[in-house]
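Colleague: Take this structure, written in structure tokens, and hold onto it; I'll ask about it next.
Each reported figure results from applying straightforward, stated rules to the coordinates on display, with no laboratory input. All values reported here derive from a predicted model rather than from experimental measurement. A quick note on method: Cβ atoms are made from the backbone with ideal geometry, for glycine too, and the neighbour counts reach across all protein chains shown.
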Amino acid sequence: MNTQHAPSSAATEGELYRQHLAALQSQAEAALARCGHEALLIASGIEKYAFLDDRPYLFQPNPHFKHWLPLCAHPHSWLLVRPGHKPRLVYYQPDDYWHVPPSAPAGFWVEHFELVLIGAPEEAAQHLPSQGRLAIIGEADAALPGLLPNNPPALLNLLHYRRAVKSEYELLQMRAASRRAAPAHLAAKAAFEAGASELDIHRAYLAASGHSDRDLPYSNIVALNEHAAVLHYQYQDAQAPAESRTLLIDAGASVNGYASDITRTWLRVGDARFAALLAAMESAQLALVDEVRAGTDYRDIHLSTHRHVARILLEQGIARGVSEEALLAQRVTSSFFPHGIGHLLGLQVHDIGGFMADESGAPAAKPEGHPFLRLTRRLEPGMVVTIEPGLYFIPTLLKKLAATPAAACIDWAAVEHLARFGGIRIEDDVVCRGAHEAPENLTRDAFAGALSGRA
């Protein structure tokens with residue numbers, strides 16, 4: 001299946017950005033009119049400090065701010081959007097010798113904004129309206145005198161619902177984020193195969209991606225052996241295990257505020273049983289990616305994943321003497337695949353708007369018995385989602401399963417053997433195209449480029 005895609009024309013990044021910005025302006029003006037507001041103010045956010053300390057946490061910009069601008073390290077800045085006007089950017093650039101201040105505004109985006117430079121956070125209020133029907137988006141601590149974020153729910157629902165569909169400019173950034181991550185995953189794999197520790201595998205990833213821990217889109221999950229059975233394993237052991245059997249690495253990259261989110265599971269030792277299980281999961285993952293079609297209810301892909309897991313459990317001899325339907329009815333598959341099949345991806349790793357049935361904010365319910373699914377919408381062209389099936393040997397879930405009548409259908413000797421490898425997760429970032437058009441697999445395209453030397 002050919003998944004290579006490109007923008008519909010030879011437009012430059014600057015031209016795609018201009019089109020993106022025009023669409024955002026049009027959406028904002030329509031939302032303001034519908035909700036009875038005169039202007040939209042967006043705070044980039046402020047630096048936050050540890051309790052009783054002068055050490056700041058890593059700055060995380062308001063995603064609404066970076067939707068308009070490729071600025072991710074700019075606290076105390078503001079954006080003003082008014083119908084019929086060029087957006088005004090109040091750009092914070094202090095004269096600071098303790099830290100490196102933001103550089104002077106430059107790049108393809110500058111010409112599209114009315115720029116105002118300020119040297120102190122409180123100066124922003126002089127360049128922003130404080131009267132009228134204002135929609136102010138931001139956290140409460142970003143407030144200035146006369147400018148208190150009110151985050152109007154109706155307006156936010158409109159913006160969040162539409163943000164799920166990406167512009168060509170956004171897809172350009174997300175392709176670049178995947179291309180940044182794929183060579184780093186291959187470097188991590190090489191370090192794993194050389195017997196490196198989790199910490200050294202993480203370091204290999206950082207070096208190959210050009211990221212530091214400060215600017216990753218999320219904290220890397222680098223899990224060897226049984227650690228792969230912890231879904232969000234949060235540590236990185238400095239000491240390599242006596243035997244490195246498997247690596248599960250969930251790691252992404254970021255470009256201009258847009259994230260990639262990729263997981264791979266690698267096998268180092270020659271174990272035929274786990275190798276067969278890994279190959280079966282790889283085949284199932286690709287089949288699930290192909291279900292990403294316009295008009296498809298994402299909940300159906302999640303339920304389809306459980307059917308794949310049930311079949312794999314039977315084919316690999318982990319479950320026996322029972323039907324796929326029985327495994328599903330008794331929720332046996334949830335003991336091995338307890339999370340959702342994926343989520344929206346973009347400005348946030350778990351992009352907002354995943355539970356909205358429509359632009360009013362009405363909820364689209366999760367399937368009964370599946371509380372951890374992060375996306376319940378019907379897919380549209382331009383949506384970017386992750387497809388990340390897993391099959392794990394999680395002690396606490398297996399213990400619970402062993403206490404149910406369904407325990408009789410499980411080959412516990414097989415489980416004991418496979419549990420040494422922790423588990424499997426394979427995750428790709430996928431662009432939905434038409435109802436009858438193959439999806440664009442950002443992740444597989446990026447790996448193909450990295451392996452051929454095009455990255």
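Colleague: Relative contact order of the chain: what whole-number percent is it, with Cα pairs under 8 angstrom and at least 6 residues apart?
Modeller: Relative contact order of the chain: 16 percent.
Colleague: What is the spin-label model distance, in nm, from GLN93 to GLN131 if the labels are put 7 Å beyond Cα along the C-beta direction?
Modeller: In this crude label model, GLN93 to GLN131 measures out at 3.2 nm.
Colleague: For the range 13-151, what's the radius of gyration and Dmax over Cα atoms, in angstrom?
Modeller: So, for the range 13-151, Rg and Dmax equal 15.1, 47 Å respectively.
Colleague: Sticking with this structure for a sec: Between rounded, prolate and oblate, where does the range 250-366 land on the alpha carbon gyration tensor, with a ≥ b ≥ c its root eigenvalues, rounded for a/c under 1.5, else prolate if a/b exceeds b/c?
Modeller: Values: a/c = 2.69, a/b = 1.37, b/c = 1.96.
Oblate shape, in that a/c is at least 1.5 and b/c is the bigger or equal ratio.
Colleague: With charges only on Cβ, +1 for K and R and -1 for D and E, what is the dipole size of the range 168-452 about its Cα centre, in debye, rounded to 20? Mind showing how you got there, number by number?
Modeller: Working: 26 positive and 35 negative charges, 99 e Å.
It comes to approximately 480 debye.
Colleague: How do 174-183, 33-42 rank on mean C-beta neighbours within 10 Å, highest first?
Modeller: Values: 174-183: 24.5, 33-42: 18.3.
Going from most to least packed, we get 174-183, 33-42.
Colleague: Please give the contour-minus-distance gain from HIS417 to HIS232: 0.36 nm per residue of separation, less the Cα-Cα distance, rounded to one decimal in nm.
Modeller: Working it through step by step, the gained length comes to 64.3 nm.
Colleague: Just going by the charge dipole of the chain, with Lys and Arg at +1 and Asp and Glu at -1 on Cβ, which of LEU397, VAL309, GLN173 is farthest out on the positive end?
Modeller: Of the listed residues, the answer is VAL309.
Colleague: 222 nm [θ] for the chain, helices only, -39500 (n - 2.57) per DSSP H run of 4+, per residue, to 500?
Modeller: Only helices count here, giving -10500 deg cm²/dmol.
Colleague: Also, quick follow-up: Hey, fewest Cβ within 10 Å first, where do HIS436, HIS202, HIS127, HIS370 land in order?
Modeller: Ordered from fewest to most neighbouring Cβ atoms within 10 Å, HIS436, HIS202, HIS127, HIS370 come out as HIS436, HIS127, HIS370, HIS202.
Colleague: Cα centroids of the range 182-236 and the range 83-134: how far apart, whole angstrom?
Modeller: With the range 182-236 and the range 83-134 each reduced to a Cα centre, they are spaced 37 Å.
Colleague: Run the reach check for LYS400 against lysines, Cα to Cα strictly under 26 Å, same-chain hits fewer than 8 apart removed. What comes back?
Modeller: Output for LYS400: LYS366.
Colleague: Grab the other residues whose beta carbon is less than 9 angstrom from that of ASP250, score K and R as +1, D and E as -1, and report the net.
Modeller: Within the 9 Å Cβ shell, the charges total -1.
Colleague: Quick one: if you stick a label point 7 Å off each Cα along the C-beta vector at ALA194 and ARG320, how many nm between them?
Modeller: Reported label-point gap for ALA194 and ARG320 is 4.2 nm.
Colleague: Can you tell me the orientation of helix 272-289 relative to the chain, as the angle in degrees between its alpha-carbon axis and the longest Cα principal axis, to the nearest 10?
Modeller: In the chain, helix 272-289 runs at an angle near 40 degrees to the longest axis.
Colleague: Also: Return the lysines within reach of LYS48: Cα separation strictly under 21 angstrom, same-chain partners fewer than 8 residues apart disregarded; answer none if there are no such residues.
Modeller: Excluding near neighbours in sequence, the set is LYS66.
Colleague: Residues with beta-carbon under 12 Å from that of MET383, excluding MET383: net charge, scoring Lys, Arg +1 and Asp, Glu -1?
Modeller: With Lys, Arg at +1 and Asp, Glu at -1, the neighbours total +2.
Colleague: Still on this model: Assuming a ≥ b ≥ c are the square roots of the Cα gyration tensor eigenvalues, decide whether the chain counts as rounded (a/c under 1.5), prolate (otherwise, with a/b larger than b/c) or oblate.
Modeller: Verdict is prolate for the chain.
Colleague: In addition: Treating the angle as unsigned and between 0 and 90°, give the value, to the nearest 10°, between the Cα long axis of helix 298-315 and the longest Cα principal axis of the chain.
Modeller: Tilt relative to the chain: about 20 degrees.
Colleague: Could you tell me the convex hull volume per residue, in Å³, taken over the Cα atoms of the range 229-280? Spell out each step's value before the answer.
Modeller: Values: hull volume 6.4 nm³, N = 52.
Enclosed volume per residue, from the Cα hull, is 123 Å³.
Colleague: Can you tell me the 0 to 90 degree angle between the C-alpha axis of helix 198-209 and the longest principal axis of the chain, rounded to 10?
Modeller: 50 degrees
Colleague: Looking at the range 354-455, which GluC sites (Glu not before Pro) are in a loop (DSSP not H, G, I, E or B) and have at most 10 other Cβ atoms within 10 Å?
Modeller: GLU368
Colleague: Could you sort 75-85, 234-244, 263-273 so that the peptide with the highest average Cβ count within 10 Å comes first and the rest follow in order? Provide the component values of the computation, followed by the final result.
Modeller: On the way: 75-85: 19.0, 234-244: 12.8, 263-273: 16.3.
Packing proxy ranking, top to bottom: 75-85, 263-273, 234-244.
Colleague: Could you compute the net charge surrounding PRO105? Neighbours are other residues with a C-beta less than 12 Å from the C-beta of PRO105; K and R count +1, D and E count -1.
Modeller: For residues surrounding PRO105, the net value is -2.
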